[in-house]
Structure formats: structure tokens, C-alpha cells
1. Every residue in the range 186-213 that is part of a helix (DSSP H, G or I) and either in contact with a strand residue (DSSP E or B) (Cβ under 7 Å, 6 or more places away or on another chain) or free of Cβ contacts under 8 Å to residues at least 40 places away in the same chain (or both), please.
2. If I go through the range 171-185 residue by residue, how many of them are buried (at least 18 other Cβ atoms within 10 Å of the Cβ), free of Cβ contacts under 8 Å to residues at least 60 places away in the same chain and not in a helix (DSSP H, G or I)?
3. Considering only residues of the range 214-224 that are in contact with a strand residue (DSSP E or B) (Cβ under 6 Å, 6 or more places away or on another chain) and in a loop (DSSP other than H, G, I, E, B), which is nearest to residue 242 (Cα to Cα)?
4. What's the number of the only condition in (1) free of Cβ contacts under 8 Å to residues at least 24 places away in the same chain; (2) not in a helix (DSSP H, G or I) that residue 17 fails to meet?
5. Among all residue pairs at least 6 apart or on different chains, which show Cβ distances below 7 Å where the first residue, located in the range 25-50, is at positive phi and touching a residue at least 12 places away in the same chain (Cβ under 8 Å) and the second is in a strand (DSSP E or B) and surrounded by 14 or more Cβ atoms within 10 Å (Cβ to Cβ)?
6. Can you list residue pairs whose Cβ atoms sit under 6 Å apart, with the first residue in the range 111-125 being on the phi > 0 side of the Ramachandran plot and the second being outside any helix (DSSP H, G or I)? Count only pairs 6 or more apart in sequence or on different chains.
7. Failed condition for residue 216, given (1) exposed (fewer than 15 other Cβ atoms within 10 Å of the Cβ); (2) modelled with pLDDT under 95; (3) over 17 Å from residue 22 (Cβ atoms), with all others met?
8. For the range 54-68, state whether one or more residues are in a strand (DSSP E or B) and either more than 18 Å from the chain's Cα centre (by Cα) or farther than 28 Å from residue 205 by Cα (or both).
């Protein structure tokens with residue numbers, strides 16, 4: 001597929017629509033491997049950052065990007081991009097902070113407020129989420145902090161009152177710790193429905209992010225491109241141009257593999 005993508009990547013080079021990238025872990029797989037496909041190697045993330053800055057993108061916090069799009073639409077936010085990191089795994093966030101030092105790049109961490117200092121509930125290797133002190137250190141280094149529910153709950157599966165409580169409490173918890181407003185959130189598992197969007201607004205957020213590839217820029221359904229260990233520089237160029245999903249599906253259809261969602 002790489003050779004087939006090269007000409008399209010070349011055409012995408014001059015395009016700079018706004019984009020947001022959704023990372024989870026940054027580091028090495030544990031002893032049991034990386035069954036969820038979350039752990040992007042630090043050197044790969046470093047390559048991504050250098051590529052994006054080299055292409056002239058300005059990497060800002062997710063909320064700055066959301067506000068730019070809200071004010072003037074996606075065209076007015078051309079050239080802006082956001083690096084976002086869901087869950088706030090402590091080892092990963094330390095690696096991200098180290099990579100960002102000395103680079104003109106911002107980033108956003110979306111944190112499940114009720115799991116600070118605890119193992120991630122969906123991982124089996126004991127990786128922990130940042131604790132209160134580590135969260136404050138990230139904020140002091142300039143990383144934007146957003147909410148990610150209290151317990152990393154799938155908000156789509158909860159009754160409306162419980163989903164709203166997860167959102168409101170996560171926002172209040174983080175604001176109490178940080179001493180500043182928390183105005184953005186990301187949906188756990190990157191998924192949402194119309195009711196979830198409405199509840200995010202009712203919870204007092206300005207914006208909320210999914211993580212399932214390109215889509216319309218709605219304030220409570222903002223699109224992010226998922227990034228995986230296999231996301232090479234070539235694939236990243238297509239993702240930030242909004243072309244990777246369609247191209248990948250076309251390639252699969254041509255080879256008789258159906259239209260499974262691109263990763």
C-alpha cells in the first residue's frame with residue numbers, strides 16, 4: 001500500500017486543513033504485548049512532531065483549535081493542529097513532556113479524574129494514570145488538561161443522568177485540582193451519540209472530541225484522527241490532510257477486503 005499512497009501523499013503536501021490527532025500510550029509494549037494497539041514508540045512520536053512542524057503546521061491546544069473552528073469555520077483554522085493524548089498514562093505523559101521541551105508545540109491530555117494514580121481499568125499490564133502531583137506538573141509545563149469522564153466510562157451505555165454526572169464531576173474534579181477552568185473533554189473510547197453531545201453541552205463544556213477519523217467540525221462532536229504504532233510518516237501526512245481513511249478504504253475494496261474502518 002505504501003507505494004500506492006506516495007502520489008496521493010505528494011498532492012496532500014500543500015494542503016493544511018485543521019486537524020487533531022488522538023494518541024493514547026507513548027512507550028514500549030509491556031510483557032504481554034500491546035493487544036489494544038495503543039503504544040506509539042517515543043521516536044515515532046518525535047518523528048511525527050518534527051514532520052508536522054516542518055510542514056508549517058502550528059501545534060496548539062485542543063481548545064484553541066476548537067475555538068478557532070467555532071469562530072470562523074474549518075477554513076479559518078487552516079494550518080492549526082492539535083496533538084491530544086487520552087487517559088493520561090503516567091509513563092506516556094512523562095515521555096510526551098520530554099519530547100515537547102524545546103519544541104514550539106502544544107498538546108492536550110484528556111484525564112479520567114477518578115483514576116488519578118490508579119492502574120488503567122482496560123489495560124492488563126498495570127500501567128498507571130498520572131497522580132495529582134504529576135497532573136499539576138504537566139499543567140505547569142504548559143500542557144492543556146481536558147476531561148475524560150470520571151471512571152473512563154463508555155458514556156453511550158449509561159443512563160443520561162449517570163453520563164451527565166460523569167461529565168460534570170470530571171470537570172469539577174479537575175478544576176479543583178488545577179485551579180482553572182476545564183472547558184474541553186474527550187469521549188472515552190472516542191465514541192458518542194446525539195444524546196451524548198447534548199449532555200456534554202449541559203455539563204458546561206465548550207467542546208468535546210471523538211476519535212474515529214475525519215468528520216464535520218461540530219462543537220460537541222469534534223473529529224480526531226486515531227494514531228497507532230503503525231502510523232508512519234506517510235500515513236500521518238494523509239491523516240492530517242483528511243485523506244487516509246478514504247484512500248485506505250479504496251485500497252481494501254480494490255483488493256477485495258471490504259471496507260473495514262481505517263486505522
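1. Just the residues of the range 186-213 that are part of a helix (DSSP H, G or I), to begin with: 188-190, 194-202.
The answer is 189, 190, 194, 195, 197, 198, 200, 201, 202.
2. Residues in the range 171-185 being buried (at least 18 other Cβ atoms within 10 Å of the Cβ), free of Cβ contacts under 8 Å to residues at least 60 places away in the same chain and not in a helix (DSSP H, G or I): 1 in total.
3. First pass over the range 214-224, keeping only residues in contact with a strand residue (DSSP E or B) (Cβ under 6 Å, 6 or more places away or on another chain): 219-220, 222, 224.
Narrowing the set further to residues that are in a loop (DSSP other than H, G, I, E, B) leaves 219-220, 224.
On the way: 219: 18, 220: 19, 224: 10 Å.
If we take residues in the range 214-224 being in contact with a strand residue (DSSP E or B) (Cβ under 6 Å, 6 or more places away or on another chain) and in a loop (DSSP other than H, G, I, E, B), then 224 is nearest to residue 242 (Cα to Cα).
4. (1)
5. Every condition considered, the pairs that remain are 27/39.
6. Pairs that qualify, where the first residue is on the phi > 0 side of the Ramachandran plot and the partner is outside any helix (DSSP H, G or I), are 117/131.
7. (3)
8. Of all residues in the range 54-68, those in a strand (DSSP E or B) come to 58-59.
Then drop every residue that is not either more than 18 Å from the chain's Cα centre (by Cα) or farther than 28 Å from residue 205 by Cα (or both), which leaves none.
The answer is no; no qualifying residue exists.
The values are calculated or read from the model by the stated rules, or taken from the named source; none is laboratory data. It should be emphasised that the depicted structure is a prediction, and the values quoted were computed from it without experimental measurement. Glycine gets a Cβ as well: all are built from the backbone with ideal geometry, and neighbour counts include every protein chain shown.
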